[in-house]
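In what follows, a structure is listed as structure tokens, so that the remarks can point back to it.
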Amino acid sequence: MNTPIQYIDRGRTLQKTWFLGWLTLLLALSACEVEFTPKDINLDPEYVVEGYLELGEQALPAYVILTQSKPFFSTLPIDELENLFVHNAEITVSEGAQKINLTELCLNDLPPQVKQLAADRLGLNLDSLKINFCVYIDLNGILKAKEGKTYQLDIKHGGQSLHAQTTIPEYVPLDSLWWRDAPGTPVDTLLQLMTKIKDPPGTKNFYRYSCSINGSAFMTPFSSVNDDVLIDGKDFEFRLIKPNFPGEDFDQSNFGLFHTGDSVTIKWSSIDEAHFNFWNTLEFNKGNQGPFSSYTTIDSNIEGGLGIWGSYNSRIYKLKVEK
Amino acid sequence: MHNIEHRSGLLIVYLLAAGILCYGQQSTFTISGFIKDSLNGETLLGANVYVLNKPGQGASANDFGFYSLTLPAGEYKIVYSYLGFQEHVENINLTSNRKINIQLNGGVLLDELVVEENKSLDQVTSTNLGRIDLATESIKKLPALLGEVDVLKALQLLPGVSSADEGGAGFYVRGGGADQNLLLLDGAPVYNSGHLLGFFSIFNSDAIKNTTLIKGGMPAYYGGRLSSVVDIQMKEGNDKHLAAEGGIGLIASRLTLQGPIQGEKSSFILSGRRTYVLDLAQPFIAKSDFAGTNYYFYDINAKINHQFSDKDRIYLSGYFGRDILSYNSSERGFKLNMPYGNNTATFRWNHIINDKLFMNTTAVYNGYDFKLKGEQDLFSFQLNNGVRDYQLKLDLDYYPSPGHFIRFGANAIHHRFTPNILQGRSGEVSFTNDYKPKYGIESAIYFQDEIKLSSRWTVNLGARWARFDQIGPFEFENKSYKKWQKVKTFSGVEPRLFTTFLINPKTSIKLGFNQNQQFIHLVTNSASTLPTDVWVPSSLMVRPQRGYQWSLGWYKSLREGGWNVSVEGFYKDMRNQIDYRETYTSNQSVEIEEAFVFGKGQAYGTELFIQKSKGNLTGWFGYTFTRSWRWFKDIEQGRRFPASFDKPHDLELVSNFKASKKWELGGTFVYGTGKPFTPLRSVYFINQELVTRYGPRNSARYQDYHRMDLAATYTARPGSKKIFTSSWTFSVYNVYNRKNPFFINYDLDSDLVTGKAEGTAYKVSLFPMIPSITWNFKWK
């Protein structure tokens, strides 16, 4: 997504990149990076909640991934990775009088067909799945999310209690989508994706963008969320950036541009303020290392733990990349 | 307003009393005048005038070289002296007021490496606590990073002053923040003191005459910052003949021209410096995809002065400097431009009202601005912030009698602070965060009197009454303030009390207390200050900072061999300190004041300073122990943490050796406790990827920092009387190539689904051993 905040962020990131480029030039004078092992701070692990409730197309039932934090490590073997999942927790989602329990599901415990179904819904590629992935999920899809309602999340485990709440916001759609030539020197195979939204005036609106290419799992760019402080009430045109695939290197010549012939699925969501703060601080934290950075604490709405209980109000837009 | 009248009334009564008291005594007469350098006419600030064999009966020249000494009628031998110059003795028969202007000759001692702690004889006897004067000639002898001699870097080699980072020009004095130092260039405050992210300061030492650092007792004459004053005076310009000097270095080159306009009545100096590394590479860059990419900085210092009469002299000085970064990638049509810099202009008028009363009126314009512009295709944006000041100052130096030296005056600054205003365009639609500048008037009146109670005991009593009015136009919570309308007022009295007791003529003890207020703030979110950092005024949202400092010092002068030793201790209490809340990200569209959290700070320490200023081997040794702590109730529930620049142990050894007539060697060695940093507390998975959790704040430290630099200066024809002379300086930074850590990087490679979880932590160091060569020349 390429709204003003992201440009400032991108401008700052590019400015920092430039500074770092200058530094790299100086650093190139000698090998100046030395590996070291950080000391174990020896603090207790914390609960990490990654829970989502979605309203809209292709919405998953409410689910929570419950794990623990770990001190810094150089390599974590698979069995220790699996131990990060917290089992046998009591997790409930409630709204008004309605209250449902989330059931723990571990993929390896499921019969193959069900396992495949579950993996597809969660966006996991079974071929590459090497661990016993566990989620707490509204198995029967009892909870029906409604716009404007607030949903409480309560977790009990090991004598501890965690709590959070999220509200499903009003949905603001993408007004239109179209393709445009790549900026600078046009190239036959690369195009920019442009879009327009009509931001409702007077209310605080927050947005998240992700996209899937040729049926991949949904991916997000380096900056996936935005608020409407600068565009409140405006009919705003901007560019949606193509995220890099996991492991793909940054290449300035095609960064953020879509390849002709690809099929693209855009998910455009409205989210609440706490959910926005979570992704905003997380993405800032990820991009923020080096001498000119400060440590950023990832904002969390979980009382008693880390992570997020966030709701989405989403629509899907499918297009083919062509002029 | 009631208060000002009341206080002004008291002031007038005091002055009248002091005047009457003197008048009532036996007839006394005053000698006064200016003390200058005979070679180039530069005034010698702080030069001493005293009765031979009676240093207690003396005075110092003020910042403009003016002195005034009142004595009973009689015959005297008056000594005029200044370190590095030949003493001059004047025989006088004092029967009336006399005007005696003196020009001192530079002696063979001129080339010594000198840090004049309170100028020779006064170091032990004056009430100046924690004050150090640095002559520029001595700074030039120090080895420097990439050959760029730098006033601020030289200050970092003194006890009590520590640097931010590897190579940074930012500095911290006695545990106080980077914004707590009042940096003055010919009376104009400087808001951003660094080029290239702070690796080089904006001060071109060729144009600078004197640098004074006050880290302890700040006299009432100065105010507005909690921790220190760095008062930099530019040269006036050679008033006898035209001269040029300059140098060519690896990073930048400099050229200075100076000379008389009207022989010995007026002169000028013009000094410039510019980098050119990327300019030289332009032909290659122009052919690449990055055509239009460049970085350079420049500064210009200019000054003219004119003496209208015996009583009047005016000066006009200016500084113009800029860093310009432009980045251009033609392939994707992306352009980025970042120009920023300071411009200052100062006009001063010296007027001698009578032999005992010297007046200086100053008018200052000061502007700092930062811009960041970017564009790509349909999209463009511009971010800018800055500060703009207009200042008027009136200062009087009054020498009513030998026992009193009084300074009083008033000043007012009209500030305009521009926060990060964002404007942009996406296609047809424009957007802006619509921030508006904030305005304020900072004003003060002050009074101080240095009183010689006896031959051993001197006290300096002073107070500064300072005030800040936030004024409109301003809008806050649906209330609108008109232009000049008062929004909020802060004020307070700042007592400044110092005393010196002479145990014997060569040993003294000093004690001091000062209270300070600071009305403008620079809150930085990163480990080093960046040009994107924004100065904010006190306002409805931000209270002023307040500081209290107690200092105690012991001073000894061993004049044989020119040794000076001092031990100083201090305790500092700082209130209303400002930081950002923990979840702050600089890309939010909120005014930064909304992200501030407030707390307090405390600093304490001792400084040992041993200096040798005579002979072929000169230099100094400094050791400082300081702790600087912070508490914020909104950061980790008020847990005490060390400030980011907390450096418990800081050691410097600086030396200069005249090996022969042609060769001069210089060396520095620094050692400091490693900087604190916030370590990685844990990692956890979000969206199948590892994210980092940092904490507790500043609870870990980098390894200790140490480094040695060496320099050798070769002058082919030393003592040559030729018009054109030159020398070569070879220097090596970080001689034994120590990899001092600069920052830490965590590389996390993870994918929960495939079971991959790997982390690597790196310590990255910046400057390895770097040699450099500079060629310097002088033409006269």
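Restricting to region A:123-154, give me the number of residues that are in contact with a strand residue (DSSP E or B) (Cβ under 7 Å, 6 or more places away or on another chain), among the aliphatic types (A, V, I, L, M) and either within 11 Å of A:Pro61 (Cβ to Cβ) or within 13 Å of chain B (Cβ to nearest Cβ) (or both).
6
Listed here are the residues, each with its yes/no results for (1) touching a residue at least 40 places away in the same chain (Cβ under 8 Å); (2) away from every other protein chain (no Cβ under 14 Å).
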| position | (1), (2) |
| --- | --- |
| B:Gly674 | yes, no |
| B:Asp709 | yes, yes |
| B:Tyr736 | no, no |
| B:Ser750 | yes, no |
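Looking at (1) within 12 Å of chain B (Cβ to nearest Cβ); (2) aliphatic (A, V, I, L, M); (3) not in a loop (DSSP other than H, G, I, E, B), which one does A:Leu162 not meet, given that it meets all the others?
That leaves (1) as the condition not met.
Name the residue that is modelled with the lowest pLDDT, counting only residues in region B:705-734 that are within 12 Å of B:Glu664 (Cα to Cα) and among the aliphatic types (A, V, I, L, M).
The qualifying residue modelled with the lowest pLDDT is B:Ala716.
Here's a check for you: in region B:503-519, which residue that is at pLDDT 95 or above and either of a type in the set (Phe, Trp, Tyr) or not in a strand (DSSP E or B) (or both) is farthest from B:Lys600 (Cα to Cα)?
Across region B:503-519, the extreme among qualifying residues is B:Phe513.
Please determine whether any residue of region A:284-291 is within 7 Å of chain B (Cβ to nearest Cβ), touching a residue at least 60 places away in the same chain (Cβ under 8 Å) and among the small types (Gly, Ala, Ser).
Yes, region A:284-291 contains a residue that is within 7 Å of chain B (Cβ to nearest Cβ), touching a residue at least 60 places away in the same chain (Cβ under 8 Å) and among the small types (Gly, Ala, Ser).
Here's a check for you: in region A:42-80, which residue that is hydrophobic (A, V, I, L, M, F, W, C) and in contact with a Leu (Cβ under 8 Å, 6 or more places away or on another chain) is nearest to B:Asn745 (Cα to Cα)?
Of all residues in region A:42-80, those hydrophobic (A, V, I, L, M, F, W, C) come to A:43, A:48-49, A:53, A:55, A:59-60, A:62, A:64-66, A:72-73, A:76, A:78.
Filter again for in contact with a Leu (Cβ under 8 Å, 6 or more places away or on another chain), leaving A:48-49, A:53, A:60, A:62, A:64, A:72.
Details: A:Val48: 24, A:Val49: 26, A:Leu53: 35, A:Leu60: 37, A:Ala62: 36, A:Val64: 31, A:Phe72: 13 Å.
Per the stated criteria, the residue is A:Phe72.
On the basis of being touching a Phe, Trp or Tyr at 6+ places or on another chain (Cβ under 8 Å), part of a strand (DSSP E or B) and β-branched (Val, Ile, Thr), does B:Ile353 make the cut?
Taking the combined requirement at face value, the residue does not satisfy it.
With respect to B:Asp704, determine if the residue is away from every other protein chain (no Cβ under 11 Å), surrounded by fewer than 17 Cβ atoms within 10 Å (Cβ to Cβ), under 26 Å from A:Glu283 (Cα atoms) and among the charged types (D, E, K, R). Before you say what the answer is, go through the steps one by one.
On the way: away from every other protein chain (no Cβ under 11 Å): yes; surrounded by fewer than 17 Cβ atoms within 10 Å (Cβ to Cβ): yes; under 26 Å from A:Glu283 (Cα atoms): no; among the charged types (D, E, K, R): yes.
Judged against the criteria, B:Asp704 is not a match.
Given B:Tyr319, B:Tyr298, which one is in a strand (DSSP E or B), closer than 20 Å to B:Val190 by Cα and in contact (Cβ under 8 Å) with a residue 60 or more places away in the chain?
Sole residue among the options that is in a strand (DSSP E or B), closer than 20 Å to B:Val190 by Cα and in contact (Cβ under 8 Å) with a residue 60 or more places away in the chain: B:Tyr319.
Pick from B:Pro696, B:Pro642: which is within 14 Å of another protein chain (Cβ to nearest Cβ) and either on the phi < 0 side of the Ramachandran plot or among the acidic types (Asp, Glu) (or both)?
B:Pro696
Tally the residues that are away from every other protein chain (no Cβ under 13 Å) and charged (D, E, K, R), restricting the search to region A:250-262.
Total satisfying the criteria: 1.
Hey, among B:Ala244, B:Ala220, B:Ala207, which residue is surrounded by fewer than 20 Cβ atoms within 10 Å (Cβ to Cβ) and among the small types (Gly, Ala, Ser)? So that I can check it myself, show each step before the final result.
Details: B:Ala220 fails: surrounded by fewer than 20 Cβ atoms within 10 Å (Cβ to Cβ); B:Ala207 fails: surrounded by fewer than 20 Cβ atoms within 10 Å (Cβ to Cβ).
Matching residue, one of B:Ala244, B:Ala220, B:Ala207: B:Ala244.
Specify the residue that is nearest to A:Glu50 (Cα to Cα); the eligible residues are those in region A:263-275 that are within 14 Å of chain B (Cβ to nearest Cβ) and either crowded, with 24+ Cβ neighbours inside 10 Å or acidic (Asp, Glu) (or both).
A:His275
Which of the following residues is under 24 Å from the mean Cα position of the chain (by Cα) and farther than 26 Å from B:Arg543 by Cβ: B:Tyr623, B:Tyr571, B:Tyr604? Talk me through it step by step, then tell me what you get.
Values: B:Tyr571 fails: farther than 26 Å from B:Arg543 by Cβ; B:Tyr604 fails: farther than 26 Å from B:Arg543 by Cβ.
Result: B:Tyr623 is the single residue among B:Tyr623, B:Tyr571, B:Tyr604 that is under 24 Å from the mean Cα position of the chain (by Cα) and farther than 26 Å from B:Arg543 by Cβ.
Considering only region A:212-226, state which residues are crowded, with 23+ Cβ neighbours inside 10 Å and either more than 10 Å from every other protein chain (Cβ to nearest Cβ) or among the charged types (D, E, K, R) (or both).
A:Val225
Every residue in region A:108-146 that is part of a helix (DSSP H, G or I) and in contact with a helix residue (DSSP H, G or I) (Cβ under 7 Å, 6 or more places away or on another chain), please.
A:Lys115, A:Ala118, A:Ala119
Of the residues that sit in region B:629-647 and are in a loop (DSSP other than H, G, I, E, B) and touching a residue at least 40 places away in the same chain (Cβ under 8 Å), which one is farthest from B:Asn698 (Cα to Cα)?
Out of the qualifying residues, it is B:Asp634.
In region B:427-486, which strands (runs of 3 or more DSSP E) lie fully inside it and hold 2 or more residues that are aliphatic (A, V, I, L, M) and surrounded by 18 or more Cβ atoms within 10 Å (Cβ to Cβ)?
Fully inside region B:427-486 and qualifying: B:438-452, B:457-471.
Take the residues of region A:74-102 that are in a loop (DSSP other than H, G, I, E, B) and surrounded by fewer than 18 Cβ atoms within 10 Å (Cβ to Cβ): which is nearest to the other protein chains (Cβ to nearest Cβ)? Full working, then the answer.
Step one: of region A:74-102, the residues in a loop (DSSP other than H, G, I, E, B) are A:74, A:76-77, A:83-84, A:86-89, A:96-97.
From what's left, surrounded by fewer than 18 Cβ atoms within 10 Å (Cβ to Cβ): A:74, A:77, A:83, A:87-88, A:96-97.
On the way: A:Ser74: 6, A:Pro77: 8, A:Asn83: 12, A:His87: 16, A:Asn88: 19, A:Gly96: 29, A:Ala97: 32 Å.
Here the residue is A:Ser74.
Being modelled with pLDDT of 90 or more and closer than 16 Å to A:Asn214 by Cβ is the requirement here; does A:Lys242 meet it?
In short, yes.
In this structure, is B:Asp389 surrounded by fewer than 20 Cβ atoms within 10 Å (Cβ to Cβ), assigned to a strand (DSSP E or B) and acidic (Asp, Glu)?
no
For region B:67-95, enumerate the residues that are modelled with pLDDT under 90 and of a type in the set (D, E, K, R).
Answer for region B:67-95, where residues must be modelled with pLDDT under 90 and of a type in the set (D, E, K, R): just B:Glu87.
State all residues of region A:50-72 that are facing chain B (nearest Cβ under 10 Å) and crowded, with 18+ Cβ neighbours inside 10 Å; if no residue qualifies, say none. If you could, list the steps in order and put the result at the bottom.
First pass over region A:50-72, keeping only residues facing chain B (nearest Cβ under 10 Å): A:50, A:65, A:67-72.
A:Glu50, A:Ile65, A:Thr67, A:Gln68, A:Ser69, A:Lys70, A:Phe72 - these are the residues of region A:50-72 that are facing chain B (nearest Cβ under 10 Å) and crowded, with 18+ Cβ neighbours inside 10 Å.
When only residues in region B:117-140 that are farther than 16 Å from B:Ile232 by Cα, assigned to a loop (DSSP other than H, G, I, E, B) and of a type in the set (S, T, N, Q) count, which is modelled with the lowest pLDDT?
In this case the residue turns out to be B:Ser120.
For A:Asp232, only one of the following conditions fails: (1) more than 14 Å from chain B (Cβ to nearest Cβ); (2) under 15 Å from B:Ser426 (Cβ atoms). What is its number?
Unmet for A:Asp232, out of (1) more than 14 Å from chain B (Cβ to nearest Cβ); (2) under 15 Å from B:Ser426 (Cβ atoms): (1).
Return the total of residues in region B:538-589 being in a loop (DSSP other than H, G, I, E, B) and more than 14 Å from every other protein chain (Cβ to nearest Cβ).
8
Determine whether region B:310-323 contains at least one residue that is over 30 Å from B:Arg496 (Cβ atoms), surrounded by fewer than 22 Cβ atoms within 10 Å (Cβ to Cβ) and within 14 Å of chain A (Cβ to nearest Cβ).
no
With the condition kept exactly as written, say whether any residue in region B:601-619 is within 14 Å of chain A (Cβ to nearest Cβ), more than 30 Å from B:Lys141 (Cβ to Cβ) and either crowded, with 20+ Cβ neighbours inside 10 Å or in contact with a strand residue (DSSP E or B) (Cβ under 9 Å, 6 or more places away or on another chain) (or both). First the steps, then the outcome.
Our first condition is that a residue be within 14 Å of chain A (Cβ to nearest Cβ); within region B:601-619, this holds for none.
No, region B:601-619 contains no residue that is within 14 Å of chain A (Cβ to nearest Cβ), more than 30 Å from B:Lys141 (Cβ to Cβ) and either crowded, with 20+ Cβ neighbours inside 10 Å or in contact with a strand residue (DSSP E or B) (Cβ under 9 Å, 6 or more places away or on another chain) (or both).
The values are calculated or read from the model by the stated rules, or taken from the named source; none is laboratory data. Computed from a prediction, not measured in an experiment: that's the story for all the values here. Neighbour counts are summed over all protein chains in view; Cβ atoms, including those assigned to glycine, are modelled from backbone coordinates with ideal geometry.
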